[in-house]
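Asks: Let me begin by handing over the structure; questions about it come next.
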Amino acid sequence: MTKRAYDVDVVVIGAGQAGLAAAYFLRRAGLRHVVLDDADGPGGAWRHRWPTLRLGTVHGLHALPGLPFDAPDPTRSAAEVVPAYFAEYERRFDLRVRRPVRVTEVRDHPDGDGRLLVRGDAADWATRALINATGTWSRPFWPYYPGQETFRGRQLHTADYRGPAEFAGRHVVIVGGGTSAVQLLAEISEVAETTWVTRRPPVFHEREFTPEHGRAAVALVDRAVRAGRPPESVVSVTGLTLTAPVREARARGVLNRLPIFDRITPDGVAWRDGRTVRADVILWCTGFRAALDHLAPLRLRGPGGGITMDGTRVVADPRVHLVGYGPSASTVGATRAGRAAVRELRDLLAPA
C-alpha cells in the first residue's frame, strides 16, 4: 500500500512539554505544521512514570505557555495529573496531535529542493524545517559491567520501575547517583534491604534550589552543547536536594553509599578488594540518552558523539532545532526553547 505524503512548513516530533510548547508558538506564528507523537495518548514521558511518584516530590514542574498548571493535592500521582493537564492543553489550543505515529527517519528530500523528508510508519511529511522534541525516556542507558549476563536475579531500569511493593523482602542493589536513584532508594528501603552504589560520591545540598542555581546549571550544560559535547546530566551540575523524603531516608541510614562495584556475579556484585554483596535485584538508575536515532541520516553528530548547538538550532543544519535537549531538558527550559525555536524558524522561512 502506498503511504500518504503531506507538505508542511514545520514538523514537530514529540508531544511532551517541549513539543507542545513549540506547537503553541507555531500556531501563533501562523506556520503550517504538524505534531507527531508515538504514544497512544497525551502526556509524553509522564505517562510512563512510576505510580508512586507524587506531585509533591516532582523535581520542578512548570506550566505550558497559555495555560496555568494549578497543582492539586501534592499526594496525587504525577503519572495521572500531568497527562490530564497535557490532554486539556491539546484540546484548549486545538493542537491536533497525530498519534500514534512512529518516525523511522529524517533525511534530505529526494527532490533536492532543500526540504526534509520525515518518514513515518504510515505516512511521510515533506517539510521546510524540523523541531525535534523526542526527549530521552525511550532511550534508557544500561552500562555494562563484567559478568552482567551471569546474574541470576532480576535487572531493571528506572524506566521499568512501577513501585516498591514487588521488591518486598528482597535485597536490591540500586545503581546511580541522580535524583531518581535517591527517590527510589528512599521508598524501596521501606520494604526491602538495599545497597546504594554510585560512580562518584553524591553531593547533597542543604540549601533551597533557587532560580539562580538553575540558571547556573543551564549555562554549564549550554556551554557543553555549544562545544559539540554530549550534554551532561543536570544532577552532575546541581547536586542533590535534601527533600523531606530524602532527609527521612538519611535518618534511617539508607543513604550510606558504596563506590561502584567492579563486576557482577551470579548472586550479586563484587569489588576488586574482595568485598561482595548478595542481591536479588539490580536496579539501574543510570539515566537516559537523547532519542535521536531517527536523525542519523542527516549526520548531525560530531566526532565526539555530540551535536554542536547554538541555542536550539543545530549548527550543521539550521533547518533542524532540538528542544528538550541539553540546556532545555527541563519543564521550564522546554517552554523557553519552544519559543526560541519558532522565533528563529519564522525568520528562516519568511519569504525573501
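The values are calculated or read from the model by the stated rules, or taken from the named source; none is laboratory data. Keep in mind that what you see is a predicted model, and the values were worked out from it rather than measured. Methodologically, a virtual Cβ is constructed for each residue, glycine included, from the backbone with ideal geometry; neighbour enumeration extends over all protein chains shown.
A quick yes/no check of all residues on (1) surrounded by 17 or more Cβ atoms within 10 Å (Cβ to Cβ); (2) more than 20 Å from Ala84 (Cα to Cα); (3) touching a Phe, Trp or Tyr at 6+ places or on another chain (Cβ under 9 Å); (4) modelled with pLDDT under 95:
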{"site": "Met1", "(1), (2), (3), (4)": "no, yes, no, yes"}
{"site": "Gln17", "(1), (2), (3), (4)": "yes, no, yes, yes"}
{"site": "Ala23", "(1), (2), (3), (4)": "yes, no, yes, no"}
{"site": "Ala29", "(1), (2), (3), (4)": "no, yes, no, no"}
{"site": "His33", "(1), (2), (3), (4)": "yes, yes, no, no"}
{"site": "Leu36", "(1), (2), (3), (4)": "yes, no, yes, no"}
{"site": "Pro42", "(1), (2), (3), (4)": "yes, no, yes, no"}
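Asks: Of these, Arg47, Arg76, Arg54, which one is modelled with pLDDT under 95, surrounded by 14 or more Cβ atoms within 10 Å (Cβ to Cβ), closer than 23 Å to Tyr325 by Cα and basic (Lys, Arg)?
Replies: On the way: Arg76 fails: closer than 23 Å to Tyr325 by Cα; Arg54 fails: closer than 23 Å to Tyr325 by Cα.
Just one listed residue meets the conditions, Arg47.
Asks: Separate question: Which one of these is of a type outside the set (Ser, Thr, Tyr) and in contact (Cβ under 8 Å) with a residue 12 or more places away in the chain: Pro303, Pro266? Show your work before the answer.
Replies: Details: Pro303 fails: in contact (Cβ under 8 Å) with a residue 12 or more places away in the chain.
Pro266 is the lone residue from the list that is of a type outside the set (Ser, Thr, Tyr) and in contact (Cβ under 8 Å) with a residue 12 or more places away in the chain.
Asks: Among the residues of the stretch 239-281, write down those that are part of a strand (DSSP E or B), among the hydroxyl-bearing types (Ser, Thr, Tyr) and buried (at least 17 other Cβ atoms within 10 Å of the Cβ).
Replies: From the stretch 239-281, those part of a strand (DSSP E or B) are 240-241, 257-259, 263-265, 268-270, 276-278, 281; that's our starting set.
Restricting the remaining residues to those that are among the hydroxyl-bearing types (Ser, Thr, Tyr) gives 241, 265, 276.
Correct list: Thr241, Thr265.
Asks: Another question, if that's okay. Taking the options Glu90, Glu80, name whichever one is more than 19 Å from Ala329 (Cα to Cα), of a type in the set (D, E, K, R) and in contact with a Leu (Cβ under 8 Å, 6 or more places away or on another chain).
Replies: Numbers: Glu80 fails: in contact with a Leu (Cβ under 8 Å, 6 or more places away or on another chain).
Testing whether each residue is more than 19 Å from Ala329 (Cα to Cα), of a type in the set (D, E, K, R) and in contact with a Leu (Cβ under 8 Å, 6 or more places away or on another chain) leaves just Glu90.
Asks: Are there any pairs with C-beta distances below 9 angstrom linking a residue in the stretch 77-100 that is farther than 16 Å from Ala23 by Cβ to a residue that is assigned to a strand (DSSP E or B), with the two at least 6 apart or on different chains, and if so which?
Replies: Ser77/Arg54; Ala78/Arg54
Asks: Another question, if that's okay. Within the stretch 134-143, does at least one residue satisfy the condition of being under 29 Å from Ala316 (Cβ atoms), surrounded by 17 or more Cβ atoms within 10 Å (Cβ to Cβ) and in contact with a Leu (Cβ under 8 Å, 6 or more places away or on another chain)?
Replies: yes
Asks: State which residue is surrounded by the fewest Cβ atoms within 10 Å (Cβ to Cβ) when the search covers only the stretch 182-231 and only residues that are of a type in the set (Phe, Trp, Tyr) and at pLDDT below 90. Lay out the reasoning, then the answer.
Replies: Narrowing the stretch 182-231 to residues of a type in the set (Phe, Trp, Tyr): 196, 204, 209.
Okay, now just the ones that are also at pLDDT below 90, so 204, 209.
On the way: Phe204: 13, Phe209: 16.
Filtering the stretch 182-231 for residues that are of a type in the set (Phe, Trp, Tyr) and at pLDDT below 90, the one surrounded by the fewest Cβ atoms within 10 Å (Cβ to Cβ) comes out as Phe204.
Asks: Could I ask something else about it? Looking at the stretch 322-331, can you tell me whether even one residue there is of a type outside the set (D, E, K, R) and more than 19 Å from the chain's Cα centre (by Cα)? It would help to see each step written out before you state the result.
Replies: As a first pass, look at the stretch 322-331 and keep what is of a type outside the set (D, E, K, R): 322-331.
Subsequent filtering for residues that are more than 19 Å from the chain's Cα centre (by Cα) retains none.
For the stretch 322-331, residues of a type outside the set (D, E, K, R) and more than 19 Å from the chain's Cα centre (by Cα): absent.
Asks: So, in the stretch 79-98, exactly how many residues are surrounded by fewer than 15 Cβ atoms within 10 Å (Cβ to Cβ), on the phi < 0 side of the Ramachandran plot and either part of a loop (DSSP other than H, G, I, E, B) or among the basic types (Lys, Arg) (or both)?
Replies: 2
Asks: Taking interchain pairs and intrachain pairs at least six residues apart, which have beta carbon atoms under 9 angstrom, with the first residue in the stretch 168-186 and farther than 22 Å from Trp137 by Cβ and touching a residue at least 24 places away in the same chain (Cβ under 8 Å) and the second surrounded by fewer than 24 Cβ atoms within 10 Å (Cβ to Cβ) and basic (Lys, Arg)?
Replies: Final answer for the pair search is Arg170/Arg154; His171/Arg278.
Asks: Now a separate question. Restricting attention to the stretch 258-290, and to residues there that are modelled with pLDDT of 95 or more and basic (Lys, Arg), which single residue is farthest from Trp196 (Cα to Cα)?
Replies: Filtering the stretch 258-290 for residues modelled with pLDDT of 95 or more gives 258-286.
So of that shortlist, the ones also basic (Lys, Arg) come out as 263, 272, 275, 278.
On the way: Arg263: 15, Arg272: 17, Arg275: 14, Arg278: 13 Å.
Only one residue fits best here, namely Arg272.
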